[in-house]
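Read through the structure below, which is laid out as structure tokens, and then see the notes.
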Amino acid sequence: MAKNRNTISIENISFKDRLTSLKNLPDFFKLVWKSSPSKTSISFILRLLRSAMPVALLYVGKLIIDEVVSLNSHIGNGDLQKLWELVALEFALAIVTDGLNRMINLTDSLLGDLFSNYTSMRIMQHAATLDLDQFEDSVFYDKLERARQQTVGRTVLLSQVMSQIQDFISIAFLLTGLIAFNPWLILLLLLSIVPSFLGESYFNSKNYALSRSQTPERRELDYLRYLGASDETAKEVKIFGLSDFVIGRFKMLSDQFYADNSKLAIRRSGWGTFFSVLGTLGYYAAYGFIIYNTVIGKSTVGSLTFLAGSFRQLSSLMETMLSRFTIVSQGAIYLNDFIDFFEIKPKITKPENAIPFPNPIQTGFVFENVGFQYHNSTRWANRNLSFELRPGEKLALVGENGAGKTTLVKLLARLYDPTEGRILLDGKDLKSYDLDDLRHNLGIIFQDYIRYQMTFYQNIAVGNIKEIDNQQLVKKAAEESLADQLAAKLPGAYQQWLGRKFNDGIELSGGEWQKVALARAYMKEAQVLILDEPTAALDARAEYEVFQRFAELTKGKSAVLISHRFSTARLADRILVLDQGTLLESGTHAELLEQEGRYAELFNLQAKGYQ
């Protein structure tokens, strides 16, 4: 697992931590730029133009007031035509300002959708490169969940950073006027907004710490929502009467969330009010100072309106900027979660100078003292495994649940790499072969296969997605798994939508789904077929038909069968009996019965069930 980009305590985020987190912004902007270079450029240009509008409006307003005063003074220095030209100019600036605001909002909205889509795809692309055991680690899942959260709403961070630049330029213009009038107003300005900034910074830090610490519980809340209202869980929730239990657990967690969040929100609101009063006092002190200077004749009435308006806008802009700095740095810290996810690297990778998968296989697979241990587990899933899978051989794996059968298959497909020992293919380490080529030559259907909420056709095509447009291959795979008979009965045939999540979807029985899943294994011209409990949901007649077809289709190919049914296992050339991850017995059906060991014991127990 990759180390965090920046090691920051979630209990106490200092100002230095916030500044450090801003180093994440260049990487963030690179992603934004890649999502849409044109819209990113347009957004920046629009904000640049918008930043000049406040001072322009205030200055034109000053000129209007001074012209009105001049006209009313009866001295004759006023120019009525100039006055109306200034009014027209102010009107035009107001229209332009409104137009720029709307264009900025539109551009940001469109850019937000593009960025969300782009980063979501990036997360899926990177997740596809990671190892299976990483997905089985809860710490990794927390990182993945937080990375997903960054795909939605991170464009708000872009908008805030761009607004920060926009406001900074506006402040530069406004400050010029204030400094020219009286530099001491800047001190009053800072005194009125710094307390508010410090308060916001403190509470945003607390909010970040709370949000991060709640990640595991938030995932549990999402899972409880799924359990309590899902077509896949409804039957067991009803049969076992789980509704009250699920709702009770949800209520306990959500109440705790509410209590923690509301406690922080109340404290934040109280202190926010206090700091707001301080800011208002600072503004009116400066306002009074400007009025006094106007009364004694040190400035014009137009200058009064310009300076008062400038101070008011400066106060508002600087308070917003400082508050936004807290939010921007907060967002930049959250970006650690997003960037950290992309720094997680797989351990199982395609080697340099990879060897192509042999076609055909010459000597087969050899397990040499192979052992595998899951991450953060003290128990060995497999240990001291030594056996061969010869070309064209049918191998059955038998053993009780938890014996390590499925883990062995995952090792064969390099979904895992051995913790100890090694696996050879034609005398060469399995790690030296091209990873994609290896998996393309293995046709695997696991017992917990996915029931895709897609069409019947797509559910089969996923077995070799590169051939999704090859209708002949898909129908051939369906025929080989006997799923074609099912397609003939469906209203939409191969285009029938399966599952209940979408309109007009049809739910299949367990046995029907299994035939569809089996078809996936036949989508590839794989040299090795691996079936994990391939007929568990089929009745006896359907199972017989499937295995008759399977025996025909695997002639000359290697096959690995995992099954609890000994009627299936006895069809194999050789049977491996696993117990607690180790190889206990090996031989043909007849040889294992003669040994009167574990296989014979389990076979006789199962046979009694049919008597």
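Pairs are defined by a Cβ separation below 8 Å, a sequence spacing of at least 6 or placement on different chains, a first member in the stretch 481-500 that is closer than 24 Å to K524 by Cβ and without any contact (Cβ under 8 Å) to a residue 24 or more places away in the chain, and a second member that is buried (at least 20 other Cβ atoms within 10 Å of the Cβ) and among the small types (G, A, S); the pairs so defined are D484/A478. With respect to the conditions (1) within 29 Å of the chain's Cα centre (by Cα); (2) modelled with pLDDT of 90 or more, Q447 falls short on a single one, namely (2).
Residue count for the stretch 374-408, restricted to those that are crowded, with 17+ Cβ neighbours inside 10 Å and either farther than 20 Å from L571 by Cα or among the aliphatic types (A, V, I, L, M) (or both): 14.
Here is a yes/no grid of residues against (1) of a type outside the set (A, V, I, L, M, F, W, C); (2) assigned to a helix (DSSP H, G or I); (3) free of Cβ contacts under 8 Å to residues at least 12 places away in the same chain:
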residue: R249; (1), (2), (3): yes, yes, no
residue: S262; (1), (2), (3): yes, yes, yes
residue: A265; (1), (2), (3): no, yes, yes
residue: Y287; (1), (2), (3): yes, yes, no
residue: T294; (1), (2), (3): yes, yes, yes
residue: G297; (1), (2), (3): yes, no, yes
residue: S316; (1), (2), (3): yes, yes, yes
residue: F338; (1), (2), (3): no, yes, no
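Condition first: in a strand (DSSP E or B) and free of Cβ contacts under 8 Å to residues at least 40 places away in the same chain. Now tell me which residues in the stretch 399-439 satisfy that. Passing the criteria: only D429.
Scanning the stretch 441-478 for residues that are more than 24 Å from L412 (Cβ to Cβ), part of a loop (DSSP other than H, G, I, E, B), out of contact with any helix residue (DSSP H, G or I) (no Cβ under 7 Å at 6 or more places or on another chain) and without any contact (Cβ under 8 Å) to a residue 24 or more places away in the chain turns up D469, N470. Of the candidates T300, T305, T280, T294, the single residue that is touching a helix residue (DSSP H, G or I) at 6+ places or on another chain (Cβ under 6 Å) and at pLDDT below 75 is T294. Of the residues in the stretch 571-580, at least one is basic (K, R) and either closer than 26 Å to A517 by Cα or under 40 Å from the mean Cα position of the chain (by Cα) (or both). Among the residues of the stretch 482-508, count how many are at pLDDT 85 or above and either among the polar types (S, T, N, Q) or outside any loop (DSSP other than H, G, I, E, B) (or both). So the count comes out to 13.
Within the stretch 279-319, the set of residues being within 30 Å of S159 (Cβ to Cβ), surrounded by fewer than 17 Cβ atoms within 10 Å (Cβ to Cβ) and not basic (K, R) comprises T280, S316. When you look at V546, is it under 44 Å from the mean Cα position of the chain (by Cα), modelled with pLDDT of 85 or more and not small (G, A, S), yes or no? No: the conditions fail for V546.
Restricting attention to the stretch 148-164, and to residues there that are modelled with pLDDT under 75 and part of a helix (DSSP H, G or I), which single residue is nearest to V32 (Cα to Cα)? Here the residue is T155. In this structure, is I171 modelled with pLDDT under 70, part of a helix (DSSP H, G or I), over 35 Å from the mean Cα position of the chain (by Cα) and buried (at least 18 other Cβ atoms within 10 Å of the Cβ)? It is false that I171 is modelled with pLDDT under 70, part of a helix (DSSP H, G or I), over 35 Å from the mean Cα position of the chain (by Cα) and buried (at least 18 other Cβ atoms within 10 Å of the Cβ). Taking the listed residues I45, I95, I65, the one that is within 39 Å of the chain's Cα centre (by Cα), assigned to a helix (DSSP H, G or I) and of a type in the set (V, I, T) is I45, with no other qualifying.
The values are calculated or read from the model by the stated rules, or taken from the named source; none is laboratory data. Computed from a predicted model, the values in this text were never measured in an experiment. Please note: Cβ atoms are built from the backbone with ideal geometry, for glycine as well, and neighbour counts cover all protein chains shown.
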